[in-house]
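The values are calculated or read from the model by the stated rules, or taken from the named source; none is laboratory data. These numbers come from a predicted model, not from an experiment. When we count neighbours, we look across all protein chains shown, and the Cβ atoms used for this are built from the backbone with ideal geometry, even at glycine. When the accessible area is computed, the model is the full protein with side chains, heavy atoms only, and any ligands, DNA or RNA have been set aside. Shrake-Rupley method; radii C 1.70, N 1.55, O 1.52, S 1.80 Å.
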Amino acid sequence: MTDDLTWLSMRRLAHLIATGEVSSEEAVRAHFERIDAVNPALNAVITEDRERALAEAREADAARLEMGADGELPALHGVPMTHKDTHETAGMRTAFGSPLFTDNIPQKDSLIIARLRAAGIITTGKTNVPELAAGSHTFNQVFGTTVNPYDRSKSASGSSGGVGAVIAAGIQAAGDGSDMGGSLRTPGSFNNVVGFRPSNGFIPHALPGDPWAWLAQSGFMAREIGDVALLMNVASGPHRLAPQSQPPTDFDLPEFALDADYQPNLAGVQIGFAPDLGGRLNVEAEVAAVVGASQDVFAELGAELTEECINLSAAAEVFRVQRAYDFAALYGQLLKAQPEKFKDFVAWNIQMGLDLGVEEIIAKDKARGRLLRAVDRFFADHDVLVTTTSQVLPFDASIEYPTQINGVEQTDYLDWMRAATLISPTGCPSISVPAGFSESGLPVGIQIVGKPGADVKVLQVAHAFEAATGHAQHHPTF
């Protein structure tokens, strides 16, 4: 029964709890039993509070009984979930993968956690991240390295690598994460799960913090796109202290698992298919082969494909300068006060921001304007762009990052992530969807990108691809 519960979709588990077929306490105990079974091999869950979670589960069960059959429960009533260790959780340590924050116990939940808990989620623990969520490989000097459920010698990616690993390993069906330069999408690709980066404002930036932030976005990962849609429904929406908030949006998708007549159909959908982003990516051969095969799937679903791509000539400058600026704003004073507490490449990125001059910032803003115009031109006659999520397969977990791709040296720890980092500054919603496996059984994802604000369209196209392929149903073995 434990395995059955932990491999259910979040939608299905929530339904069983709401109808009383499964108690929340049973679901939470199954969740912890699965952590005990697989986490020693993965090192994905790094903080737990079992006593609190079980007490909340019993309260959830009592509330359901008291409310009765006609009562309306929150959408995720009694469902257990661990959270990314960069999202603050009231009363539970949030360490950001850094020795600077090992004793940090927040007094309030971050916005995304508050909305999940309002929807009924029971917080059970935290998942591992790179130091300060910097980089797409989950390791730090506080908690160590998180490894890939499909091959425990490989990286689970990052910075939402812990989230990706727990979903892939059957600890939970879905989880919250965040994405500046691929931190939801690349772990999605590496762990054979879905990773969705929304448009700015759907899960808004609000005070306290920078309500004008735009490069990094909170979002979700899951084994099924339907669970991502459910989570977007409960966590998105405007906030009075978030000036860039998007209006309420319906993310509901067809439930093809329950509808025998459902047939995915992309007739009339215009797709720009550009696996190497118009020659801007150096992609490993096995990755290119899997991504290339997805072209036939889209064609069979009725989509119309071209080889066109967004002109991303300005994207690298915008991403690198804005990322450096954001890192300096967040951590510049801490670096000056305690430089010994930072990894070298994190310190490098913060210092890059501290060293920015006004001319570089002005040039970045102008480049962002050119990029916006290029995005507008592309989506004037395309619905989505389909490309590679990660240029490489999951790599050796003992190294910091891939220093070469196809024999070509990478300039720094950001260079190998260009498939994601060139999309982030466009402001476009983007999702990584399982697309298949390498000859050695390592997962590969494709990235589907839509115009800013067209998040539902991106989910609809990804949902059709998921229904047609079913790659996420291939689970790792332990």
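State whether the residues of region 431-439 include one that is touching a residue at least 40 places away in the same chain (Cβ under 8 Å), part of a strand (DSSP E or B) and surrounded by fewer than 24 Cβ atoms within 10 Å (Cβ to Cβ).
Within region 431-439, one or more residues are touching a residue at least 40 places away in the same chain (Cβ under 8 Å), part of a strand (DSSP E or B) and surrounded by fewer than 24 Cβ atoms within 10 Å (Cβ to Cβ).
Among the residues of region 263-282, count how many are modelled with pLDDT under 95 and open to solvent by less than 50 Å² (accessible area, probe 1.4 Å).
The total comes to 1.
Return yes when E409 is more than 28 Å from I203 (Cβ to Cβ), surrounded by fewer than 17 Cβ atoms within 10 Å (Cβ to Cβ) and in contact with a His (Cβ under 8 Å, 6 or more places away or on another chain) and no when it is not.
no
I'm told R117 meets every condition in (1) outside any helix (DSSP H, G or I); (2) open to solvent by 10 Å² or more (accessible area, probe 1.4 Å); (3) not acidic (D, E) except one. Can you identify the failing condition by its number?
Of (1) outside any helix (DSSP H, G or I); (2) open to solvent by 10 Å² or more (accessible area, probe 1.4 Å); (3) not acidic (D, E), only one is false for R117: (1).
Pairs needed: first member in region 359-386, in contact (Cβ under 8 Å) with a residue 12 or more places away in the chain; second member anywhere, in a strand (DSSP E or B) and surrounded by fewer than 21 Cβ atoms within 10 Å (Cβ to Cβ); C-beta distance under 6 Å; at least 6 residues apart or different chains.
H382/Q270; D383/Q270
Considering each residue of region 347-372, count those that are of a type in the set (A, V, I, L, M), farther than 18 Å from L132 by Cβ and open to solvent by 30 Å² or more (accessible area, probe 1.4 Å), and give that number.
Total satisfying the criteria: 6.
Just the residues that are outside any helix (DSSP H, G or I) and either touching a residue at least 40 places away in the same chain (Cβ under 8 Å) or of a type in the set (D, E, K, R) (or both), please, taken from region 286-302.
If the condition is that a residue be outside any helix (DSSP H, G or I) and either touching a residue at least 40 places away in the same chain (Cβ under 8 Å) or of a type in the set (D, E, K, R) (or both), then L301 is the only one that fits.
Taking into account only those residues within region 1-50 that are of a type in the set (D, E) and not in a helix (DSSP H, G or I), which is surrounded by the fewest Cβ atoms within 10 Å (Cβ to Cβ)?
Going through the qualifying residues, I end up with E21.
I'd like to verify a number: residues in region 283-305 that are within 30 Å of Q410 (Cβ to Cβ) and loosely packed, with under 14 Cβ neighbours inside 10 Å, how many?
Here the count works out to 1.
Determine whether E317 is surrounded by fewer than 18 Cβ atoms within 10 Å (Cβ to Cβ) and more than 21 Å from A454 (Cβ to Cβ).
So E317 fails the test.
With (1) in contact (Cβ under 8 Å) with a residue 24 or more places away in the chain; (2) open to solvent by less than 30 Å² (accessible area, probe 1.4 Å); (3) within 30 Å of A134 (Cβ to Cβ); (4) not in a helix (DSSP H, G or I) as the list, and H77 as the residue in question, which single condition is left unmet?
The one condition H77 does not meet is (3).
Taking region 463-478 as the region of interest, how many residues are without any contact (Cβ under 8 Å) to a residue 12 or more places away in the chain and part of a helix (DSSP H, G or I)?
Number satisfying all stated conditions: 1.
Can you find a residue that is part of a loop (DSSP other than H, G, I, E, B), more than 26 Å from V290 (Cα to Cα) and open to solvent by 10 Å² or more (accessible area, probe 1.4 Å) anywhere in region 226-236?
There is at least one residue in region 226-236 that is part of a loop (DSSP other than H, G, I, E, B), more than 26 Å from V290 (Cα to Cα) and open to solvent by 10 Å² or more (accessible area, probe 1.4 Å).
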